[in-house]
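Structure, as C-alpha coordinates:
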Amino acid sequence: MDVTNKVGVREFIAVILLVIGSKLADNTPAILVQEARNSFWMIPLVALAPFIPPFLLFLHLLKKHKNKNLIELVNHILGRYAGFVLGFLIFLMTFATLVIDSRSFVEELSILYYPKTPLLVLLGVLLLICGLGARLGIQYVMTASWVILPYVKVSVIFLFILALTNNEWRRIFPIWGDGFDVVLIEGVKNVSLFTDLVLLTMAYTSLRKTTVYHRAAYWGLGIVSLELCIAFLLYATMFDYKSIDTVAYHFHEVTQYIHLGIYFTNIETYFMFFWLLAIIIRFIIYLYFTTWILAAVFNIQNFRRLVLPLAVLTIWLGILPENSIELTLTYRKELLFVISLFFLTTPFLLWTVEKVKGGIKA
(Lines give C-alpha, C1' and ligand atoms only; values in the text may rest on other atoms or scores of the structure.)
Protein backbone atom coordinates (compact mmCIF):
# COMPACT_ATOMS: atom_id res chain seq x y z
CA MET A 1 0.00 0.00 0.00
CA ASP A 2 1.20 3.49 -0.81
CA VAL A 3 2.35 5.39 2.27
CA THR A 4 0.81 8.86 2.52
CA ASN A 5 1.58 9.60 6.15
CA LYS A 6 3.40 12.80 5.18
CA VAL A 7 0.37 14.19 3.37
CA GLY A 8 -1.42 16.90 5.33
CA VAL A 9 -4.64 18.85 5.03
CA ARG A 10 -3.24 21.38 2.58
CA GLU A 11 -2.09 18.70 0.10
CA PHE A 12 -5.44 16.95 0.25
CA ILE A 13 -7.31 20.22 -0.24
CA ALA A 14 -5.07 20.94 -3.24
CA VAL A 15 -6.04 17.59 -4.79
CA ILE A 16 -9.75 18.29 -4.24
CA LEU A 17 -9.49 21.77 -5.76
CA LEU A 18 -7.64 20.48 -8.81
CA VAL A 19 -9.65 17.31 -9.41
CA ILE A 20 -13.12 18.82 -8.91
CA GLY A 21 -12.23 22.42 -9.75
CA SER A 22 -10.87 21.44 -13.18
CA LYS A 23 -14.46 20.61 -14.19
CA LEU A 24 -15.03 24.31 -14.79
CA ALA A 25 -12.69 24.02 -17.78
CA ASP A 26 -13.89 20.77 -19.38
CA ASN A 27 -17.22 20.01 -21.08
CA THR A 28 -19.14 19.79 -17.80
CA PRO A 29 -20.69 23.27 -18.33
CA ALA A 30 -21.81 22.18 -21.81
CA ILE A 31 -23.67 19.22 -20.26
CA LEU A 32 -25.29 21.24 -17.48
CA VAL A 33 -26.42 24.03 -19.76
CA GLN A 34 -28.42 21.74 -22.06
CA GLU A 35 -31.33 21.60 -19.63
CA ALA A 36 -30.74 24.45 -17.16
CA ARG A 37 -29.79 27.01 -19.82
CA ASN A 38 -28.51 30.28 -18.35
CA SER A 39 -29.41 29.20 -14.80
CA PHE A 40 -26.84 26.38 -14.86
CA TRP A 41 -24.52 28.49 -12.70
CA MET A 42 -26.70 27.60 -9.68
CA ILE A 43 -26.38 23.84 -10.12
CA PRO A 44 -23.18 23.43 -8.02
CA LEU A 45 -24.91 25.08 -5.06
CA VAL A 46 -28.21 23.26 -5.62
CA ALA A 47 -26.37 19.93 -5.90
CA LEU A 48 -24.81 20.47 -2.46
CA ALA A 49 -28.19 19.99 -0.72
CA PRO A 50 -28.72 16.36 -1.81
CA PHE A 51 -24.98 15.62 -1.69
CA ILE A 52 -24.27 16.57 1.93
CA PRO A 53 -26.61 14.13 3.83
CA PRO A 54 -25.34 10.88 2.20
CA PHE A 55 -21.78 12.19 2.29
CA LEU A 56 -21.98 12.92 6.02
CA LEU A 57 -23.50 9.49 6.59
CA PHE A 58 -20.65 7.95 4.62
CA LEU A 59 -18.11 9.87 6.71
CA HIS A 60 -19.89 8.65 9.84
CA LEU A 61 -19.41 5.04 8.72
CA LEU A 62 -15.77 5.65 7.87
CA LYS A 63 -15.16 7.28 11.22
CA LYS A 64 -16.84 4.42 13.04
CA HIS A 65 -14.73 1.85 11.17
CA LYS A 66 -11.46 3.77 11.38
CA ASN A 67 -9.25 1.03 9.95
CA LYS A 68 -11.23 0.71 6.70
CA ASN A 69 -11.02 2.48 3.36
CA LEU A 70 -13.83 2.63 0.79
CA ILE A 71 -13.70 -0.96 -0.49
CA GLU A 72 -12.78 -2.44 2.88
CA LEU A 73 -15.78 -0.69 4.43
CA VAL A 74 -18.10 -2.08 1.77
CA ASN A 75 -16.78 -5.62 2.25
CA HIS A 76 -16.94 -5.32 6.04
CA ILE A 77 -20.59 -4.28 6.10
CA LEU A 78 -22.05 -6.25 3.17
CA GLY A 79 -19.97 -9.38 3.44
CA ARG A 80 -17.68 -11.09 0.97
CA TYR A 81 -19.98 -11.70 -2.00
CA ALA A 82 -22.29 -8.68 -1.88
CA GLY A 83 -19.28 -6.52 -1.04
CA PHE A 84 -17.45 -7.84 -4.10
CA VAL A 85 -20.40 -7.00 -6.36
CA LEU A 86 -20.76 -3.47 -5.01
CA GLY A 87 -17.00 -2.92 -5.04
CA PHE A 88 -16.77 -4.07 -8.65
CA LEU A 89 -19.60 -1.69 -9.58
CA ILE A 90 -17.63 1.15 -7.98
CA PHE A 91 -14.61 0.14 -10.06
CA LEU A 92 -16.65 0.04 -13.27
CA MET A 93 -18.02 3.54 -12.68
CA THR A 94 -14.62 5.04 -11.84
CA PHE A 95 -13.00 3.28 -14.79
CA ALA A 96 -15.78 4.42 -17.14
CA THR A 97 -15.22 7.97 -15.85
CA LEU A 98 -11.51 7.68 -16.59
CA VAL A 99 -12.11 6.35 -20.12
CA ILE A 100 -14.82 8.82 -21.13
CA ASP A 101 -13.27 11.89 -19.49
CA SER A 102 -9.79 11.23 -20.91
CA ARG A 103 -11.23 10.78 -24.41
CA SER A 104 -13.33 13.93 -24.02
CA PHE A 105 -10.22 15.83 -22.93
CA VAL A 106 -8.06 14.78 -25.89
CA GLU A 107 -10.97 15.55 -28.20
CA GLU A 108 -11.06 19.04 -26.74
CA LEU A 109 -7.28 19.35 -27.02
CA SER A 110 -7.40 18.23 -30.63
CA ILE A 111 -10.14 20.64 -31.67
CA LEU A 112 -8.63 23.65 -29.94
CA TYR A 113 -4.87 23.23 -30.30
CA TYR A 114 -3.75 20.11 -32.22
CA PRO A 115 -6.23 19.49 -35.06
CA LYS A 116 -3.69 17.59 -37.19
CA THR A 117 -2.51 15.22 -34.45
CA PRO A 118 -4.28 11.82 -34.35
CA LEU A 119 -6.44 11.27 -31.29
CA LEU A 120 -4.64 8.01 -30.59
CA VAL A 121 -1.34 9.86 -30.25
CA LEU A 122 -2.81 12.50 -27.92
CA LEU A 123 -4.57 9.88 -25.80
CA GLY A 124 -1.46 7.71 -25.70
CA VAL A 125 0.77 10.57 -24.57
CA LEU A 126 -1.74 11.66 -21.92
CA LEU A 127 -2.15 8.19 -20.41
CA LEU A 128 1.59 7.48 -20.60
CA ILE A 129 2.32 10.64 -18.60
CA CYS A 130 -0.47 9.80 -16.15
CA GLY A 131 0.74 6.22 -15.83
CA LEU A 132 4.29 7.29 -15.03
CA GLY A 133 2.98 9.88 -12.58
CA ALA A 134 0.74 7.35 -10.85
CA ARG A 135 3.65 4.92 -10.56
CA LEU A 136 5.50 7.47 -8.41
CA GLY A 137 2.84 7.16 -5.73
CA ILE A 138 0.04 9.26 -4.36
CA GLN A 139 2.25 11.06 -1.85
CA TYR A 140 4.30 12.65 -4.63
CA VAL A 141 1.20 13.49 -6.67
CA MET A 142 -0.46 15.23 -3.71
CA THR A 143 2.70 17.18 -2.95
CA ALA A 144 2.92 18.23 -6.60
CA SER A 145 -0.73 19.30 -6.43
CA TRP A 146 0.03 21.64 -3.56
CA VAL A 147 3.03 23.10 -5.43
CA ILE A 148 1.16 23.89 -8.66
CA LEU A 149 -2.16 24.87 -7.07
CA PRO A 150 -1.32 28.58 -6.54
CA TYR A 151 -0.21 28.99 -10.17
CA VAL A 152 -3.34 27.30 -11.53
CA LYS A 153 -5.74 29.27 -9.33
CA VAL A 154 -3.99 32.61 -9.87
CA SER A 155 -4.21 32.07 -13.64
CA VAL A 156 -7.96 31.31 -13.36
CA ILE A 157 -8.57 34.38 -11.17
CA PHE A 158 -6.56 36.48 -13.63
CA LEU A 159 -8.68 35.17 -16.52
CA PHE A 160 -11.95 35.89 -14.73
CA ILE A 161 -10.88 39.43 -13.84
CA LEU A 162 -10.00 40.15 -17.46
CA ALA A 163 -13.26 38.58 -18.62
CA LEU A 164 -15.36 40.92 -16.47
CA THR A 165 -15.05 43.62 -19.12
CA ASN A 166 -16.91 41.40 -21.62
CA ASN A 167 -19.85 40.20 -19.57
CA GLU A 168 -23.41 41.42 -19.37
CA TRP A 169 -25.16 40.75 -16.06
CA ARG A 170 -28.64 41.00 -17.56
CA ARG A 171 -27.96 37.71 -19.35
CA ILE A 172 -28.64 35.76 -16.16
CA PHE A 173 -32.33 36.57 -16.65
CA PRO A 174 -34.71 34.83 -16.59
CA ILE A 175 -33.06 33.88 -13.31
CA TRP A 176 -34.45 30.32 -13.27
CA GLY A 177 -33.87 29.65 -16.95
CA ASP A 178 -36.55 27.20 -18.09
CA GLY A 179 -38.01 26.91 -14.59
CA PHE A 180 -37.22 26.40 -10.91
CA ASP A 181 -38.14 22.72 -11.14
CA VAL A 182 -35.59 22.21 -13.92
CA VAL A 183 -32.80 23.66 -11.77
CA LEU A 184 -33.75 21.41 -8.84
CA ILE A 185 -33.91 18.28 -10.98
CA GLU A 186 -30.59 19.06 -12.65
CA GLY A 187 -29.02 19.71 -9.25
CA VAL A 188 -30.02 16.24 -8.03
CA LYS A 189 -29.00 14.58 -11.30
CA ASN A 190 -25.54 16.17 -11.12
CA VAL A 191 -24.56 15.38 -7.55
CA SER A 192 -21.67 13.57 -9.27
CA LEU A 193 -19.94 16.96 -9.50
CA PHE A 194 -18.61 16.23 -6.00
CA THR A 195 -18.47 12.43 -5.81
CA ASP A 196 -14.72 12.43 -6.47
CA LEU A 197 -14.53 13.04 -2.71
CA VAL A 198 -15.77 9.48 -2.23
CA LEU A 199 -13.13 8.13 -4.61
CA LEU A 200 -10.44 9.81 -2.49
CA THR A 201 -11.52 7.84 0.60
CA MET A 202 -9.39 4.97 -0.71
CA ALA A 203 -6.53 6.85 0.99
CA TYR A 204 -8.51 7.23 4.24
CA THR A 205 -6.51 4.76 6.32
CA SER A 206 -3.18 5.68 4.72
CA LEU A 207 -3.19 9.24 5.98
CA ARG A 208 -1.29 10.43 9.02
CA LYS A 209 -4.60 11.03 10.80
CA THR A 210 -8.14 10.33 9.64
CA THR A 211 -9.01 13.90 10.60
CA VAL A 212 -6.88 15.00 7.64
CA TYR A 213 -9.50 13.70 5.23
CA HIS A 214 -12.43 15.18 7.17
CA ARG A 215 -10.94 18.66 7.41
CA ALA A 216 -9.76 18.64 3.80
CA ALA A 217 -13.16 17.40 2.58
CA TYR A 218 -15.10 20.13 4.40
CA TRP A 219 -12.79 22.95 3.28
CA GLY A 220 -12.34 21.59 -0.21
CA LEU A 221 -16.05 21.06 -0.78
CA GLY A 222 -16.91 24.58 0.39
CA ILE A 223 -14.24 26.25 -1.74
CA VAL A 224 -14.72 24.23 -4.90
CA SER A 225 -18.53 24.54 -4.92
CA LEU A 226 -18.21 28.32 -4.69
CA GLU A 227 -15.51 28.31 -7.35
CA LEU A 228 -17.64 26.33 -9.80
CA CYS A 229 -20.63 28.57 -9.10
CA ILE A 230 -18.64 31.76 -9.81
CA ALA A 231 -17.08 30.31 -12.97
CA PHE A 232 -20.45 29.16 -14.33
CA LEU A 233 -21.98 32.53 -13.46
CA LEU A 234 -19.28 34.23 -15.50
CA TYR A 235 -20.03 31.97 -18.46
CA ALA A 236 -23.75 32.73 -18.13
CA THR A 237 -23.10 36.46 -18.27
CA MET A 238 -20.80 36.22 -21.29
CA PHE A 239 -22.99 34.13 -23.59
CA ASP A 240 -26.49 34.95 -24.75
CA TYR A 241 -29.50 33.00 -23.40
CA LYS A 242 -30.27 31.55 -26.82
CA SER A 243 -26.70 30.62 -27.74
CA ILE A 244 -25.21 29.46 -24.45
CA ASP A 245 -26.18 25.81 -25.05
CA THR A 246 -24.32 25.77 -28.38
CA VAL A 247 -20.93 26.54 -26.80
CA ALA A 248 -18.91 23.33 -26.38
CA TYR A 249 -16.00 24.60 -24.29
CA HIS A 250 -16.98 27.67 -22.28
CA PHE A 251 -13.64 28.14 -20.53
CA HIS A 252 -11.69 28.25 -23.79
CA GLU A 253 -14.28 30.48 -25.43
CA VAL A 254 -13.70 32.96 -22.61
CA THR A 255 -9.94 32.94 -23.29
CA GLN A 256 -10.67 34.02 -26.87
CA TYR A 257 -12.47 37.15 -25.67
CA ILE A 258 -9.68 38.64 -23.61
CA HIS A 259 -6.46 40.47 -24.44
CA LEU A 260 -3.94 42.79 -22.81
CA GLY A 261 -3.68 45.89 -24.91
CA ILE A 262 -2.77 45.74 -28.59
CA TYR A 263 0.42 43.74 -28.14
CA PHE A 264 -0.85 40.79 -26.08
CA THR A 265 -3.87 39.48 -27.95
CA ASN A 266 -3.26 35.71 -28.11
CA ILE A 267 -2.74 34.92 -24.44
CA GLU A 268 -4.90 31.80 -24.42
CA THR A 269 -1.72 29.68 -24.63
CA TYR A 270 -0.76 31.00 -21.19
CA PHE A 271 -4.00 29.66 -19.72
CA MET A 272 -3.65 26.45 -21.71
CA PHE A 273 -0.41 25.61 -19.89
CA PHE A 274 -1.96 25.80 -16.42
CA TRP A 275 -5.14 24.10 -17.67
CA LEU A 276 -3.00 21.18 -18.85
CA LEU A 277 -1.24 20.94 -15.47
CA ALA A 278 -4.56 20.71 -13.61
CA ILE A 279 -6.00 18.16 -16.05
CA ILE A 280 -2.91 15.94 -15.89
CA ILE A 281 -3.06 15.89 -12.08
CA ARG A 282 -6.75 15.04 -12.32
CA PHE A 283 -6.17 12.02 -14.55
CA ILE A 284 -3.19 10.81 -12.55
CA ILE A 285 -5.48 10.78 -9.49
CA TYR A 286 -8.23 9.01 -11.46
CA LEU A 287 -5.84 6.39 -12.83
CA TYR A 288 -4.15 5.78 -9.48
CA PHE A 289 -7.34 5.45 -7.44
CA THR A 290 -9.12 3.39 -10.11
CA THR A 291 -6.21 0.94 -10.05
CA TRP A 292 -6.29 0.95 -6.25
CA ILE A 293 -10.00 0.10 -6.24
CA LEU A 294 -9.48 -2.72 -8.75
CA ALA A 295 -6.69 -4.17 -6.63
CA ALA A 296 -8.75 -3.87 -3.45
CA VAL A 297 -11.72 -5.64 -5.05
CA PHE A 298 -9.55 -8.58 -6.15
CA ASN A 299 -7.29 -8.45 -3.07
CA ILE A 300 -4.10 -7.64 -4.99
CA GLN A 301 -1.37 -6.24 -2.74
CA ASN A 302 1.14 -4.61 -5.12
CA PHE A 303 -1.33 -2.67 -7.24
CA ARG A 304 1.20 -0.31 -8.83
CA ARG A 305 2.00 -3.06 -11.33
CA LEU A 306 -1.54 -2.66 -12.65
CA VAL A 307 -1.23 1.06 -13.39
CA LEU A 308 0.34 0.85 -16.85
CA PRO A 309 -1.81 -2.10 -18.07
CA LEU A 310 -4.92 -0.22 -16.97
CA ALA A 311 -3.63 2.89 -18.77
CA VAL A 312 -3.21 0.85 -21.98
CA LEU A 313 -6.74 -0.55 -21.60
CA THR A 314 -8.01 3.01 -21.11
CA ILE A 315 -6.35 4.07 -24.38
CA TRP A 316 -7.88 1.13 -26.26
CA LEU A 317 -11.40 1.73 -24.95
CA GLY A 318 -11.11 5.52 -25.17
CA ILE A 319 -10.33 5.53 -28.87
CA LEU A 320 -13.36 3.36 -29.80
CA PRO A 321 -16.14 6.03 -29.84
CA GLU A 322 -16.29 7.80 -33.19
CA ASN A 323 -18.74 10.60 -32.42
CA SER A 324 -17.39 13.10 -29.88
CA ILE A 325 -20.74 14.87 -29.51
CA GLU A 326 -22.49 11.61 -28.67
CA LEU A 327 -19.67 10.77 -26.27
CA THR A 328 -20.13 14.03 -24.34
CA LEU A 329 -23.86 14.66 -24.47
CA THR A 330 -25.01 11.05 -24.23
CA TYR A 331 -22.47 8.70 -22.65
CA ARG A 332 -20.88 11.14 -20.22
CA LYS A 333 -24.20 12.73 -19.32
CA GLU A 334 -25.77 9.34 -18.58
CA LEU A 335 -22.71 8.22 -16.64
CA LEU A 336 -22.87 11.31 -14.42
CA PHE A 337 -26.53 10.58 -13.70
CA VAL A 338 -25.81 6.93 -12.82
CA ILE A 339 -22.98 7.97 -10.49
CA SER A 340 -25.25 10.53 -8.82
CA LEU A 341 -28.00 7.95 -8.28
CA PHE A 342 -25.49 5.39 -7.00
CA PHE A 343 -24.00 7.82 -4.50
CA LEU A 344 -27.38 9.03 -3.23
CA THR A 345 -28.44 5.48 -2.36
CA THR A 346 -25.28 3.57 -1.39
CA PRO A 347 -24.48 5.26 1.97
CA PHE A 348 -28.07 4.65 3.14
CA LEU A 349 -27.82 1.03 1.95
CA LEU A 350 -24.63 0.49 3.96
CA TRP A 351 -26.10 2.18 7.02
CA THR A 352 -29.33 0.15 6.78
CA VAL A 353 -27.49 -3.17 6.42
CA GLU A 354 -25.31 -2.31 9.39
CA LYS A 355 -28.39 -1.58 11.53
CA VAL A 356 -30.18 -4.73 10.38
CA LYS A 357 -27.16 -6.78 11.40
CA GLY A 358 -27.36 -5.26 14.84
CA GLY A 359 -24.42 -2.90 14.53
CA ILE A 360 -21.24 -4.35 13.10
CA LYS A 361 -18.14 -3.98 15.22
CA ALA A 362 -15.39 -1.81 13.76
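The values are calculated or read from the model by the stated rules, or taken from the named source; none is laboratory data. Since this is a predicted model, take the numbers as computed values, not measurements. Here the Cβ positions follow ideal geometry from the backbone for every residue, glycine too, while neighbour counts run over all protein chains shown.
Some values worked out for this structure:
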| quantity | calculated |
| --- | --- |
| Test: residue in the stretch 192-208 that is surrounded by fewer than 16 Cβ atoms within 10 Å (Cβ to Cβ), without any contact (Cβ under 8 Å) to a residue 12 or more places away in the chain and either under 25 Å from Leu276 (Cα atoms) or not hydroxyl-bearing (Ser, Thr, Tyr) (or both) | no |
| Criterion: at negative phi, out of contact with any strand residue (DSSP E or B) (no Cβ under 7 Å at 6 or more places or on another chain) and at pLDDT below 90 - qualifying residue of Lys23, Lys68 | Lys68 |
| Sole residue being modelled with pLDDT under 90, surrounded by fewer than 22 Cβ atoms within 10 Å (Cβ to Cβ) and within 23 Å of Leu329 (Cα to Cα), chosen from Arg37, Arg80 | Arg37 |
| Yes/no for Ser102 being closer than 26 Å to Phe337 by Cβ and either of a type in the set (Ser, Thr, Tyr) or surrounded by fewer than 15 Cβ atoms within 10 Å (Cβ to Cβ) (or both) | yes |
| Flag if Ile52 is aliphatic (A, V, I, L, M), part of a helix (DSSP H, G or I) and buried (at least 22 other Cβ atoms within 10 Å of the Cβ) | no |
| Any pair with Cβ under 7 angstrom, 6 or more apart, that starts in the stretch 116-135 at a residue that is in contact (Cβ under 8 Å) with a residue 12 or more places away in the chain and ends at one that is among the charged types (D, E, K, R) and in a helix (DSSP H, G or I) | Leu119/Glu107; Leu123/Arg103; Arg135/Arg304 |
| Pairs, first more than 16 Å from Trp176 (Cβ to Cβ) in the stretch 241-253, second part of a loop (DSSP other than H, G, I, E, B) and at pLDDT below 85, C-beta under 7 Å, six or more apart | Val247/Phe239; Glu253/Val247 |
| Residue check, Leu70 of a type in the set (A, V, I, L, M, F, W, C) and closer than 30 Å to Leu123 by Cα | yes |
| Residue that is surrounded by the fewest Cβ atoms within 10 Å (Cβ to Cβ) [pool: residues in the stretch 148-163 that are without any contact (Cβ under 8 Å) to a residue 12 or more places away in the chain and farther than 19 Å from Ile281 by Cβ] | Ile161 |
| Helices (runs of 4 or more DSSP H) wholly inside the stretch 212-318 containing at least 2 residues that are in contact with a Ser or Thr (Cβ under 7 Å, 6 or more places away or on another chain), closer than 24 Å to Val125 by Cβ and of a type in the set (A, V, I, L, M) | 268-297, 307-318 |
| Flag for Leu126 being within 24 Å of Thr28 (Cα to Cα) and surrounded by fewer than 15 Cβ atoms within 10 Å (Cβ to Cβ) | no |
| Hey, Leu98 closer than 25 Å to Ala248 by Cα and touching a residue at least 24 places away in the same chain (Cβ under 8 Å) or not | yes |
| Close pairs (6 angstrom Cβ cut-off, 6 or more residues apart or separate chains): part of a helix (DSSP H, G or I) in the stretch 1-16, among the aromatic types (Phe, Trp, Tyr) and at pLDDT 90 or above anywhere | Arg10/Trp146; Glu11/Trp146; Ile13/Trp219; Ala14/Trp146 |
| Filter result for Leu327 (assigned to a helix (DSSP H, G or I), closer than 15 Å to Arg103 by Cβ and modelled with pLDDT of 90 or more) | no |
